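Here is the structure we will look at, set down as structure tokens.
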Amino acid sequence: MIAAASARIVGAGLGWVLACATSASAECAWVLWLNHTAVVTGEEVDLWIPLNASTDKIDCEQVLAATLQANTRPANPGDVVTLRASNTIDVVTAAGPHTLVYVCLPDTVDPRGSQAK
């Protein structure tokens with residue numbers, strides 16, 4: 001069930017990426033998202049946080065690279081920061097492990113899924 005939901009999100013995201021990339025007249029804004037997962041006081045945390053809006057994908061990817069570089073330095077003595085992938089940072093702090101995944105998506109895609117009103 002989780003795999004099916006993930007496939008739908010990825011499929012929707014790819015659909016919008018292709019729509020934006022192939023349409024000469026369409027202007028798509030891009031959003032840099034942070035997916036922050038952690039275990040804090042024994043509780044799992046999984047947050048999607050919008051960090052920045054850009055006018056195009058290239059600008060978003062440049063902001064992503066700068067954000068990634070800025071966050072690869074430990075915030076506190078004793079923190080261990082590891083760059084695991086081109087968009088992923090693992091951080092081990094006194095409070096526990098954290099994973100930070102940065103991704104640029106068209107503004108029409110919300111990785112948090114549908115929001116309850």
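On the beta carbon distance between Val81 and Ala29, with R0 = 41 Å, the FRET formula returns roughly 0.85.
If r is the Cβ-Cβ distance from Ala95 to Gln69 and R0 is 30 Å, what FRET efficiency results, to the nearest 0.05? Can you show the working numbers first?
On the way: r = 23 Å, r/R0 = 0.78.
It comes out at approximately 0.80.
Loop-located GluC sites (Glu not before Pro) across segment 25-87 with a Cβ neighbour count of 15 or fewer within 10 Å are Glu27, with loop assigned by DSSP. Between Asp107 and Ala29, Trp30, Val31, the built amide H atoms are under 5 Å apart, and every one of these is 5 or more places off in sequence or on another chain.
Multiplying the sequence separation of Thr41 and Asp59 by 0.36 nm and subtracting their Cα-Cα distance, what value in nm do you get?
On the way: separation 18, 0.36 × 18 = 6.48 nm, distance 3.69 nm.
The span from Thr41 to Asp59 would gain 2.8 nm if fully extended.
For segment 53-70, putting each phi into the Karplus relation 6.51 cos²θ - 1.76 cosθ + 1.60 with θ = phi - 60° gives couplings of 10, 10, 7, 8, 5, 4, 4, 4, 5, 5, 5, 4, 4, 5, 5, 4, 4, 5 Hz, in residue order, rounded to whole numbers and with x for Gly and Pro.
No lab work stands behind these numbers, since they all come straight from the coordinates. These numbers come from a predicted model, not from an experiment. A quick note on method: Cβ atoms are made from the backbone with ideal geometry, for glycine too, and the neighbour counts reach across all protein chains shown.
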